[in-house]
Structures are given as structure tokens and as C-alpha cells.
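The values are calculated or read from the model by the stated rules, or taken from the named source; none is laboratory data. Predicted model, so just to flag it, every value in this text is computed and none were measured. All Cβ positions, even for glycine, are placed from backbone atoms using ideal geometry, and neighbour counts span all protein chains on display.
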Amino acid sequence: MKTIFEKSHPGRSTAYFAAAAPGEKPVSAYLPEKSLRAKPPGLPEVSELEIVRHFTELSHRTFSIDGNFYPLGSCTMKYNPKINEKIAAMAGFAKLHPLQPFDTVQGLLEIMWSLERMLAEIAGMDAVTLQPAAGAQGELTGLLLIRSHHQENKQDHRTQILIPDSAHGTNPATATLSGYKTVSVKSDGRGGVDLEDLKSKLSDKVAGMMITNPSTLGLFEENIREIADLVHKAGGLVYMDGANMNAIQGKARPGDFGIDVMHFNLHKTFSTPHGGGGPGSGPVACKKFLEPYLPVPRIVKDGSTFKFDGAQPKTIGKVKAFWGNVGMHIRAYTYIRFHGPEGIRRNAEHAVLNANYLMSKLKTRFKVAYPRVCMHEFVIDNTPYAKKTGVRTLDMAKRLLDYNYHPPTIYFPLIVHEAMMIEPTETESRETLDAFADAMLKIADEAKNTPDLVKKAPHTMPVKRLDEVRAAKNPNVKWCTPCDPPPPPEE
Amino acid sequence: MDYIQNTPADASDMLKSIGVKSIDDLFASIPEAVRLKRPLEIPPALPEQDLLAHLSALAARNRTFDAGRCFLGAGAYNHYVPAVVDALFSRGEFLSAYTPYQAEASQGTLQHIFEFQSMICELTGMDVANASHYDGGTALEEAVAMAVDHTERKKVVLSGGVNPQYRAVVKSLFKHLGATIVEVAQVRGQTPVATLKEAAQDAACIVIQNPNFLGGIEDVPAVAEIAHAAGALAVASVNPTALALLKSPGECGFDIAVGEGQPLGIDMNFGGPWAGFIAAKKEFIRGMPGRIVGETVDAEGKRGFTLTLQAREQHIRREKASSNICTNQALMALRATIYLETLGPGGLGRVAELCVQRAHELAEKIVKVPGVKVPFQYPFFHEFVAEIPHPAQTLTRLQERGFLGGLYLQPIFRDLRDHVLLCCTERNTSADIDAFVAALAESI
Amino acid sequence: MRPDDYKYSESHEWIKYNEKKKEATVGITDYAVKQLADLVHIDLPKVGDNIEQGAPFGEIESVKTVADLVSPLTGKIIEVNKEVGGDLDTLKEEPFEDGWLIKIKPSDPAELESLMTKKEYEEFLESSEEDDKEDGDKKEKDEDVDEDDFV
């Protein structure tokens, strides 16, 4: 398929604005000549019809939840309800300027204030900020809260953050960005945090621990209360990465099992669309003692009026311009109001049911890394196939594309070899799960009998396997030639 | 209410296949003491019809201003978005796609990101751009981080003309990393180049915004020179619409350009989601944060696109990563991509031209209102400062008459006590401007 | 392929010490190169930089990973291989000769004693592979898992 630059021809653009009227002064009458471009930027010129064809074709070359089952572990690719889109697009939300006076946005402030409270309840915590733009920003916000807390309590010697070796890459990256040193904690034979290793690493140098629960292996930390106790006794705080909240929402609350601060991923648990890589939204919930450090402004209710309050002397400041990804707040609010308490709880129950069912259909032919009841996801270890047939997890993933499935998450978490992490979510039907299991079993047979078919997959995609070495060695990250300039306006 | 497909009959079969009696058995690993034994205290479920009514009522309690009646900018701009942008953007394939880690199944996503990167490079005059950042403020913060890493210096010089929200973000995220942030205040809407020169010693970077927060065009080539003479990087925070007319930061000698993509067809959405962008000269490619799409070939020599240089990112580098960004704003970058490709250079140029013309028309007409002045003489793009009697009350009265009359500046700049920041875009017609000026006269 | 007279470190660097010139040439072993698979980039230090034993002196990147290059000795960097960055295949073909990375003037040649001989390095490689297997076996299992149970 051609890029838009190859479809460009000077003079082709559809016009959307009236041409210059006689008597209109040129821009050089207002702006110094030396600050102006010599010629227009080399952007493509195509007609509106060509734009429609171009993007329609692009949409056909991409997998999506709307088109395909997407059992990506840790990503919670559940159905993105259309009502969320319809509501978020309403003019009364979409057309609001972020600096409008607060009395002109009372409806929206009420949504944000209410969403904060609903998330606090789901978290089992006292205060929430909606400002972080994504999970990683939420993690950073959370660690900065912890840092402020220790600073105020003259605990500046606490320079380390403990992180399990199964953690998502953003966790240690965030620790570094917050000015901390990461100390890795081993996982034990059951896939949980190794308590002995944890004890050996606790000291008065530890500012806190980042933990994901359920873990990236899809397992609930059985020792979570002891882990939290140990960290607290050593003077540290516990941060929870809330990526896996889909498994426990309405069933258990992090604030009840020892977590001090956590983030949510609205684009996972609360169905806001992934959009090809974002936007996300990473609200942070915390216990009362961390509330004074939350980013400003806070949303407060004064009588029946909602306001922004920037007067928070101990705040960490702002992590993002304006107030957060408000469009995503509206979608998440709509989603939670649609579900109510029972719907939210049922989401967890059926996410876990679907995962265990799918696991039961695969476990005779695939080695489950931790073979016991899982939460919303489970991890397969494909070393048996890699050893016996030479077919690796990567190959099976590519072959699944030929069966019209987006593959599960591969090679994560790092502590499982040839890992494949499968999370069906609650919105899939049993037929879809059966069909996916069938495809996996077929691929298992193919690996045994016709391994080359799998090793050279995919065969039915717009492209075959891509040369990533070439892309990294000689990066070619933009179209090399600017498009020819438009013709001068007609006399 | 939910979107679960399993019926009780399905669930029953599935439980049998798993080998447990009930769904509760699947939650046995949660210690009894921490199980939630009551329903969540959130409002009861609303069926879709009631949900729509509830949200419509909330939307009705927000006041939207006609596009032509909006004279408020300050980092969020009201531009006309052709209908085709919404229509294509809302396709479910784009909305519900995941990050394109499986390149063969994501050529559509990868290609539109590649096109975005290319056009951002073209506008900014740079060699490499990433797939988007959260917003202009965090993109700036990442650019500063790149400069600090590259120069191994800890002093950051920020022009006071940089959007105050962005400066706040940079400060919050840097103060605990031991960096010193030096702000050089603007004088009468321009950043004094001599003061920047003094501050530049030992700096990791000098950051200037062009057009600046008060709308003014800065002497950017001079700033780039000063930065380089001091061994610092030159970082520009820019407006993409203005770049249709203004010399690109690349051409003016800057190393890194950042900005906010919201003016490119993205609804104001009360502040987000938008799409920040960051672009740089090619020697900085390995220090760039976030996702980058590269062109390559497949096993049969056919052209394809893939995420590249992933060894920079958190999922590989982990604690050695220089940025923790994972999810970005791909969907909003798509919207900007469709907008830019739809308008083309002529359309974007026309929008920028109209912005300049209308803003200057307003500046000319507004001084005819008694008591109103345009005190500063700097050249401006589409925003400028006006001095107005009793600004807070005047703005309120304008609001009652249906106008968003600009941003009162005193809360941000103490000495601008009676000053308001006004903005015009192509959406403000001459008739709108006349109506505004008349309403202003009444409101004072 | 591995020269007998070189020394080796646990982080898979090799060291060739020139007694007369009191200079050490350092590179990475064939094992390291194999582990990294598709190499795409290398970051090396500048001539004149000081380096400490055990501290990183650069980075090597493949498509899927990035790894530190760890200095086996304390001293000053006196030469850096300018060619290898442009032709990373050299590391695959000649890791012990043309694929050298830096030359160090060690401040404490006694540190060489702490490094491994070729024999010790090869024993070290064997025992690490066994450790990896053991770690894998540490996981709780109901019964012994055999490939044939699944494949």
C-alpha cells in the first residue's frame, strides 16, 4: 500500500476555507519577513475522496477488538462500548475549553468528582487524582507521593524501591525517574514474591515496594498481607500497579490488603479504547495520609458547587498540563454507571471464569507455567515445543494471525521462558474461547508435524515477517522527500 | 448491566470443564480476611437509555460557547475540523486497535504513525519524531530530560514565555532529580535575549516557546546561537498551525522541537486527551523517548513498517530507561494525521493566515473601545495582550453575553494586573469580531 | 576459538594483557555475542575516560535487549575501536581479534589475578547453564514434566 506522500499531487487538496478576498493583506504585512518560511511545508495534497480511501484501507490492515479476539495478557482487551463514544463526543463535553470559568463546567466537574469517589471505593482508599495521562504517569505520581511523604518525615536516606522480578518494565523505569534505585525481589516456586528474599532486602534504605496484584503471572499474591506488613514495619510504603484490577474489582480492595497508593488503567479495567497505542488514563488512589501531596488542582465540592482548588501547599505539583485525559474520564464514568456495583463485580467473576475455562482447554497440550486456578490471565511456557520441534512462542504467535486471532502477550513476564500470557476478558463468548483453543491445538499439531509452516508464519497478512534488524540498524523514520509545494493561487 | 456474554447455562458448563463447583471457588486464593463482603458503594446500574439521559443532563450543565464567540486561547485552540476527520477517526478498527507490537497485523496503525512522524518532521524541520507524547507539557519535560542526559549538565533555562502549565510540569518532574531550573522572565511580551545569554552558562538547554504564551514571535535564531555557544541544547516549544507560516525550528538551528498537537483537528475536550509531539535532529534519535515507527522490508522484500529502536524503551531497558512512557496518544495523533493530510499545505497555510489576519483585525478594532489599550508592540501570530478596565468583571459580563472573552493574566503574571490574553482563529469571522467589540464596550 | 592466553570475566568480557606495554585489550566473548543475537548498536566510551573494575564502560544493543559492557579492570581508556560500531558483524566473526572494543592502561595490574583463565571461564559457562535449568526446576510441579507430555 502506498503512503499518502506517494499519492500526493500538487493542486489536489480539497479546499475547506474561502480563498483570500481582494484587499486581504498578506501575512508579511503583520509578521517580520525573517521569521517566515520561504515556501510552504512539504505536506501531502490529496482530495477528500482519496483521504477516505486511504484511511479506510489503513483500517482494513489493522487488527482491533471490533474485528478480532485479542487475548493479550496484562492489557485487558475487553469490548469498548459504543455508548461511551457517543457520550464523550457530545458537544457539552467535547467542545469545552479547559480554561473556561468553573461555573460554566459544573456538569463535567461533577463527573470528575464522582469518578474520583467511585475509583476510591473500588480501590478501598480515601483520595484520587485523575491527572496522570497513563499508567506509567500514574506510577510516577505514586512514587513522587511516597517521596514527598519520606521527605516530610526526614527519611531522605530511603533511596531504594523493591520491585518483583516479574514486574512490568514501567515499574523499574518509573523508580529510576523518581530518583530511586531499583532492587529486584525474586519470585518463589509458586510464582509469588519470595518472602525470604524480600526479608533479606528490607532495610531502612527502602522507601517502598511496587507490587502488582494479581501478579503478572495472573496469580493473587497469597502472602500479600505479610508482604505489606514487612514493608511497613521496615518503614516503607507499598505501591500497587493496578493493571490487573479486572480480576479483583468488587471482590477485594487493595486498600484492604495493605496497599497505600495505586494507579488504575482506565484503558484496561474500564474499557476506554486503546486507539492503537493510547490515549490511556492512569488515575492514582491513595490513603488519607498521602492526600496532601496529590497533584494540583484538586476537585472540591463547596456546598453544591464544584471547583478547582490549587491551594495545596504540600502538593508534588503538576504531572500534566490541565486536568488529565478528561475524554477518558467521561468514558470510564459512563462505563461504571452502566455497570453499577453488581456489574463491576460480575466483570471480575467472568474475567476469571473465562481465563480458567480457556486454561482448562489448553492445559493438556500446553505447559501452564503455574498449574493451579488462575485469576484473569495465565501464562504458558512453550519450552517443550521449542526444545522438541524448534517452534518457539514467537512462531506460534505469528501463526495465530493466520487464524485471525491477535496473539497473546509474548515473552513477558521475563521469569517464564518462551512465555505466552493469555487474558480473554469477560466480554468474550464461550464459542470464541472454544474456537481459539481449537486454533491453538491445531498449531500445536502443526508444530509437531509441519513445523516450517509455523516458523515462517504469518502467511495471510499484508506483509510477511519484517526485518527488525534492518529497521534498528538503519532507522528510516520519516518519508524522505517533502511533497512538492502547491501551485500558486489562480489570478 | 454488563457486556458479559456467558449465560448461567454457559457458566455452568464452563465450571464443569474447569472442575470446580462455583465461581466462588475460583477466588479461593484471595485470603478470606481481605475479601470484600459487601457490594461496592457506587450508584446502582443505569440501563443505556437512562444512562444517556443522565449524561445528557450533566452535559447540559456545561456551557459551550459558539466557536465564533470564543476569544480564549492560552494553549487550547478552537479550529474548524472538516467532517471527514470525525468520520474516519471514529472507525472501530482505529479506536479498538492495540499498540502495534505484532507488526504484520498492524500495518494500518504503523503506517498512520509513520505518516504522522513524517509530517511532524516536515513542519518542525527535524529528522526524527516519535509516535506522540501525552501532551505538549510532558513532551517538553522529556526534551529537557534528553538535554540533561546528553550534556550531563543539571541546569535548565526556561523562558518565562513558555506556557505556565508546561513550566509547572517541568518543575514538578525535575525538582527531585537535583536539577536547577532558571526562569528568564519576559519583558513586554518578549524574552530578553541578553538575559538568556547570561543564564546560558553551564545550562543543559535553553527552552523558548514560539509563538510564546502571550502570542509573540521571539528571536529564535538568536536563542539557538546563544544555546550552542554555551554548549547547551536549543529546545523550542511550538504551535503546529503557526509552523505553516513560520520558519521551522530545525531551520533556525534548534536541536529539539516539542509542541501540542491539539490545534490539528483535536477537540478541546476540557484539556485532554490531546497529543504532544517531540522531534529532534538525527544525532538525538537514540535518546528519544516513546515509540518510533520505522520503515523496513519483509521476508519477501515488500515494504512494511515496524516499531523500531525498542531497546530505548522501558519494556527492554527497565530501570535503565530514560523515560517510562508506555501508552502514548496514538489515537489523537491519528486525528492530527487525518487533519493535516486533509487540509494539505494550502489548507493549513490558509488557516494560519486567517488566524493572523483576524487577530490583527481584533487588535485594530478593540482599541477603539474607550479604556482599552494594546500596550505591547511585539509581532504576534494569533494571540495578543489587551489592557481592559476591571478585567475580571468585564469577562464575567462578556460571558453573560455569550462570549468567552480571553484569559485574565494577573493570576499568572503579577504585574499584568489589568491585562487579558485574546485569541482569534479562522472561526472568528469579522462579524464575530464586531459583535465582540460591541459587547466589550457594553461590558466595561 | 577462545584464545588460551586470554583472561575472562563473569560478565563475558575477554582481556588480552600486554606485559611489556602494560596495556589491556578488552572485548566480549563469542558466548555474549551469541546471547545477544541480532546486534544493532554499540556505545563505547571516549579515549581518556577513567574506568573502574566492575563498572559499565558502554552498552551493546540488539533488537530485543540492551546489555552493559562491564570493565574487568580499573584504569584509563587509551584507545577505542572506531571501526566496530559501523560493522557489528565483526563481533560475530572475530570477537577475539578485530572485534576488540577498548584498550585500558590498568592502574592495578594485580586485578588481573581476579579474572578467569579460559578453562575457568568454560567451567563457569557450564555451571551457569546448569543453574538456569535448576531455577526452572525450582517451580512447583505436581509430577515431572516431560516434553512428550505436551508435544
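Whether any residue in the range A:359-376 is assigned to a helix (DSSP H, G or I), buried (at least 24 other Cβ atoms within 10 Å of the Cβ) and facing chain B (nearest Cβ under 9 Å) is what I want to check. Scanning the range A:359-376, I find at least one residue that is assigned to a helix (DSSP H, G or I), buried (at least 24 other Cβ atoms within 10 Å of the Cβ) and facing chain B (nearest Cβ under 9 Å), so the answer is yes. Would you check which residues across the range A:418-435 are of a type outside the set (Ser, Thr, Tyr) and under 24 Å from the mean Cα position of the chain (by Cα) and list them? Hits for the range A:418-435 are A:418, A:419, A:420, A:421, A:422, A:423, A:424, A:426, A:428, A:433. Within the range A:31-63, the set of residues being in contact with a Pro (Cβ under 7 Å, 6 or more places away or on another chain) and farther than 20 Å from residue A:484 by Cβ comprises A:31, A:32, A:61. Scanning the range A:232-266 for residues that are closer than 20 Å to residue A:328 by Cβ and part of a helix (DSSP H, G or I) yields A:242, A:243, A:244, A:245, A:246. Quick one: is residue A:379 assigned to a strand (DSSP E or B), at pLDDT 95 or above and more than 9 Å from chain C (Cβ to nearest Cβ)? The answer is yes for residue A:379. Just one of the listed residues (B:8, B:43) is free of Cβ contacts under 8 Å to residues at least 24 places away in the same chain and more than 30 Å from residue A:120 (Cβ to Cβ), namely B:8.
The residues of the range A:313-332 that are within 7 Å of chain B (Cβ to nearest Cβ) and within 20 Å of the chain's Cα centre (by Cα), listed by number, are A:319, A:320, A:321, A:323, A:324, A:325, A:326, A:327, A:328.
Does residue B:327 fit the bill of being crowded, with 24+ Cβ neighbours inside 10 Å, facing another protein chain (nearest Cβ under 7 Å), of a type in the set (Ser, Thr, Tyr) and in a strand (DSSP E or B)? Considered against the rule, which asks whether it is crowded, with 24+ Cβ neighbours inside 10 Å, facing another protein chain (nearest Cβ under 7 Å), of a type in the set (Ser, Thr, Tyr) and in a strand (DSSP E or B), residue B:327 comes out as no.
Taking first residues from the range A:131-160 that are at the interface with another protein chain (Cβ under 9 Å from one of its Cβ atoms) and closer than 30 Å to residue A:327 by Cβ and partners that are assigned to a loop (DSSP other than H, G, I, E, B) and among the acidic types (Asp, Glu), the Cβ contacts under 9 Å between residues at least 6 apart in sequence or on separate chains come to A:133/B:135. Restricting attention to the range B:30-50, the residues that are within 7 Å of chain A (Cβ to nearest Cβ) and surrounded by fewer than 17 Cβ atoms within 10 Å (Cβ to Cβ) total 7. Within the range B:147-202, the set of residues being at positive phi, at pLDDT below 95 and surrounded by fewer than 20 Cβ atoms within 10 Å (Cβ to Cβ) comprises B:152, B:178, B:188. Considered as a group, the residues in the range B:336-350 that are under 17 Å from residue B:425 (Cβ atoms) and more than 7 Å from chain A (Cβ to nearest Cβ) include one that is surrounded by the most Cβ atoms within 10 Å (Cβ to Cβ), and that residue is B:336.
For every residue, the table says whether it meets (1) modelled with pLDDT of 95 or more; (2) aliphatic (A, V, I, L, M); (3) in a strand (DSSP E or B).
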site: C:1; (1), (2), (3): no, yes, no
site: C:4; (1), (2), (3): no, no, no
site: C:11; (1), (2), (3): no, no, no
site: C:16; (1), (2), (3): no, no, yes
site: C:20; (1), (2), (3): no, no, no
site: C:57; (1), (2), (3): no, no, yes
site: C:67; (1), (2), (3): no, yes, yes
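Can you tell me which residues in the range A:19-44 are surrounded by fewer than 14 Cβ atoms within 10 Å (Cβ to Cβ), assigned to a helix (DSSP H, G or I) and not hydrophobic (A, V, I, L, M, F, W, C)? Listed by number, the residues that qualify are A:28, A:33, A:34. Taken over the range B:91-113, the residue count meeting the criterion of being facing chain A (nearest Cβ under 7 Å) and assigned to a loop (DSSP other than H, G, I, E, B) is 7.
Taking the numbered list (1) more than 9 Å from chain B (Cβ to nearest Cβ); (2) of a type outside the set (D, E, K, R); (3) over 20 Å from residue A:346 (Cα atoms) in turn, residue A:257 passes all entries but (1).
Every residue, every condition in (1) among the small types (Gly, Ala, Ser); (2) farther than 30 Å from residue A:149 by Cα; (3) modelled with pLDDT under 95, yes or no:
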residue: A:307; (1), (2), (3): no, no, no
residue: A:315; (1), (2), (3): no, no, no
residue: A:325; (1), (2), (3): no, no, no
residue: A:339; (1), (2), (3): no, yes, no
residue: A:343; (1), (2), (3): yes, yes, no
residue: A:348; (1), (2), (3): yes, yes, no
residue: A:367; (1), (2), (3): no, yes, no
residue: A:373; (1), (2), (3): no, yes, no
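The residues in the range A:86-113 that are assigned to a helix (DSSP H, G or I), more than 7 Å from chain B (Cβ to nearest Cβ) and under 25 Å from the mean Cα position of the chain (by Cα) can be counted, and the count is 5.
Filtering the range B:9-19 to residues that are under 17 Å from residue A:377 (Cα atoms) and either touching an Asp or Glu at 6+ places or on another chain (Cβ under 6 Å) or more than 7 Å from every other protein chain (Cβ to nearest Cβ) (or both) leaves only B:15. Within the range B:386-436, can you find the residues that are aliphatic (A, V, I, L, M), surrounded by 19 or more Cβ atoms within 10 Å (Cβ to Cβ) and in a helix (DSSP H, G or I)? Answer for the range B:386-436, where residues must be aliphatic (A, V, I, L, M), surrounded by 19 or more Cβ atoms within 10 Å (Cβ to Cβ) and in a helix (DSSP H, G or I): B:395, B:398, B:433. If I filter the range A:50-62 for residues that are more than 8 Å from every other protein chain (Cβ to nearest Cβ), in contact with a strand residue (DSSP E or B) (Cβ under 9 Å, 6 or more places away or on another chain) and touching a residue at least 60 places away in the same chain (Cβ under 8 Å), do I get at least one hit? No: zero hits. With the structure loaded, tell me whether residue A:307 is basic (Lys, Arg) and assigned to a loop (DSSP other than H, G, I, E, B) or whether it fails that test. So residue A:307 does not fit the description; no.
Being of a type in the set (D, E, K, R), more than 8 Å from chain A (Cβ to nearest Cβ) and under 22 Å from the mean Cα position of the chain (by Cα) is a property that residue B:427 has. Taking the criterion of being over 19 Å from the mean Cα position of the chain (by Cα) and farther than 14 Å from residue B:94 by Cα, the only residue of the range A:59-85 that qualifies is A:83.
Table: residues versus (1) acidic (Asp, Glu); (2) surrounded by 24 or more Cβ atoms within 10 Å (Cβ to Cβ); (3) in contact with a helix residue (DSSP H, G or I) (Cβ under 6 Å, 6 or more places away or on another chain).
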{"site": "B:105", "(1), (2), (3)": "no, yes, yes"}
{"site": "B:109", "(1), (2), (3)": "no, yes, no"}
{"site": "B:113", "(1), (2), (3)": "no, yes, no"}
{"site": "B:117", "(1), (2), (3)": "no, yes, no"}
{"site": "B:120", "(1), (2), (3)": "no, yes, no"}
{"site": "B:124", "(1), (2), (3)": "no, yes, no"}
{"site": "B:127", "(1), (2), (3)": "yes, no, yes"}
{"site": "B:134", "(1), (2), (3)": "no, yes, no"}
{"site": "B:137", "(1), (2), (3)": "no, yes, yes"}
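Count of the range B:269-291 residues, restricted to those that are surrounded by fewer than 24 Cβ atoms within 10 Å (Cβ to Cβ), assigned to a loop (DSSP other than H, G, I, E, B) and facing another protein chain (nearest Cβ under 7 Å), is 0. Per this entry, residue B:60 is counted among residues that are facing chain A (nearest Cβ under 7 Å) and modelled with pLDDT of 95 or more.
The residue that is farthest from residue A:164 (Cα to Cα), among those in the range A:396-406 that are touching a Pro at 6+ places or on another chain (Cβ under 8 Å) and not aromatic (Phe, Trp, Tyr), is A:402.
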